[in-house]
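Worksheet: one structure, shown below.
The values are calculated or read from the model by the stated rules, or taken from the named source; none is laboratory data. Note that this is a predicted model, so its numbers are computed, not measured. Here Cβ is always computed from backbone atoms with ideal geometry, including for glycine, and neighbour counts include all displayed protein chains.
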Amino acid sequence: MKSGDLKSNCPLVGNSHIFEFLTKSLAKKNISGSYIFAGPANLGKATAANFFARGLVCEAKNQLILPCGKCPACLEAAKNIHGDIYLIKKEPDKKNISIEQIRDFIRNLNMSSFLNSYKVGIIKGAENLSESAVNALLKTLEEPKIKVVIILTAIDLDSLPKTIVSRSQVLNFRAVAGDIIYDELIKNHKASRSQAKNFSRLSAGRPALALKFFQDEEYYKNYKSGVESFVGLLNSDINDRFSAIENILGKDVKGQEAVKAASGAIDLWQNLTRDLMLMGLNLTDLIQHEAFIKELEALSLAGLLNLINILKQSRKYLAANVNPKLALENVAVSF
Ligand SMILES: [Zn+2]
């Protein structure tokens, strides 16, 4: 096998250590009962999980690199209709992945495969498992079955119970160098140089996010308006700040959706204050939001340290189940 062949099959941008490990495991048929793909969002964990699942169900024989991409199993898996691959994740309106979801998941994995292939279960965002769901899953992990593989993706290992981590093969995904993302956008997605520069910078090492910025105009537009509302927030008086926060959360957004919106806003504001701090230190070449440098330069840096502390505090409030609107309003009244 030439190394060039391997590279051309790789679905991941960066994190080649993971691709190599999974490819070797498939080739040597050295497969564990459960895996955890850990790392921040948008690094390719779901892509890697799909790739590995396809490799496990691929019907090709005598092939050095799996999945072959051509057999019936590969074609079904590519359309997400393969009967031996199950994926569960938190439903958008729910607080967590429920015990019922896990019971269904386990029941499905316990049924024998039609094709005598592997059965693969993927739990996306395993940090969202409810406590009872974790316990049910743990029982399954304690008694691994032949030809059943469970893959969990999670933003970090600390968010998972140690009992689950200790029973799984852990693969850590790392942030990807900006120039690798830049090259990917130009070579494989035909981005212009300025788009590649802008989006690779803005993605802060997360290739899937860079691609989302490039391909999904609406997503980028929303992100842009998020930056603009932060700038607006810092430049306005207290009344305007409250209405700005109402706009950020949306009028009819409630429950988990509101928590997600508030948490997204605080993430963005923390990244923007980090950029402002770097600019204050004359380290402009390190900032994430270079595309918005004019807007950021117009902001006053007075009170920046105070703002950084308030954002930290609001994040804690949100984690402690404080009403998301109050958590954001805490920012609006405190600086
Ligand atoms: Zn195949």
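A few notes on this one:
- Residue check for P40: at pLDDT 90 or above and away from the ligand (no atom under 14 Å from the Cβ): yes
- The range 285-294, residues that are in a helix (DSSP H, G or I) and either under 20 Å from S203 (Cβ atoms) or modelled with pLDDT under 90 (or both): D285, L286, E290, A291, F292, I293
- The residue that is farthest from K260 (Cα to Cα), among those in the range 52-78 that are within 10 Å of the ligand (Cβ to nearest atom) and under 23 Å from the mean Cα position of the chain (by Cα), is G55.
- The set of residues in the range 79-101 that are under 22 Å from L152 (Cβ atoms) and either within 16 Å of the ligand (Cβ to nearest atom) or assigned by TED's automatic domain parsing to the domain that holds E257 (or both) comprises N80, H82, G83, D84, I85.
- Among residues of the range 26-47, those that are touching a Gly at 6+ places or on another chain (Cβ under 8 Å) and within 14 Å of A210 (Cβ to Cβ), counted: 2
- Of all residues in the range 297-335, those satisfying the criterion of being within 18 Å of L278 (Cα to Cα) and surrounded by 19 or more Cβ atoms within 10 Å (Cβ to Cβ) are L307, L311.
- Cβ-Cβ under 8 Å pairs, at least 6 apart or on other chains, the range 58-72 side under 12 Å from K28 (Cα atoms), far side part of a loop (DSSP other than H, G, I, E, B) and more than 6 Å from the ligand (Cβ to nearest atom): L64/M1; I65/M1
- Of the residues making up the range 94-109, those that are within 25 Å of A48 (Cβ to Cβ) and of a type outside the set (D, E, K, R) are N96, I97, Q101, I102, F105, I106, N108, L109.
- Considering V176, V148, V120, the condition of being under 20 Å from the mean Cα position of the chain (by Cα) and in contact (Cβ under 8 Å) with a residue 24 or more places away in the chain is satisfied by V176 alone.
- Some residue of the range 297-312 being part of a helix (DSSP H, G or I) and touching an Asp or Glu at 6+ places or on another chain (Cβ under 9 Å): no
- Inspection of the range 202-213 identifies at least one residue that is within 19 Å of the chain's Cα centre (by Cα), at negative phi and surrounded by fewer than 18 Cβ atoms within 10 Å (Cβ to Cβ).
- Residue among T23, T47 that is assigned by TED's automatic domain parsing to the domain that holds S112 and more than 16 Å from the ligand (Cβ to nearest atom): T47
- Screening S98, S117 for residues that are modelled with pLDDT under 95 and among the small types (G, A, S) leaves exactly one candidate, S117.
- Within the range 129-167, the residues that satisfy the criterion of being part of a loop (DSSP other than H, G, I, E, B) and of a type outside the set (K, R) are S130, E143, P144, I146, I155, D156, L160, P161, S166.
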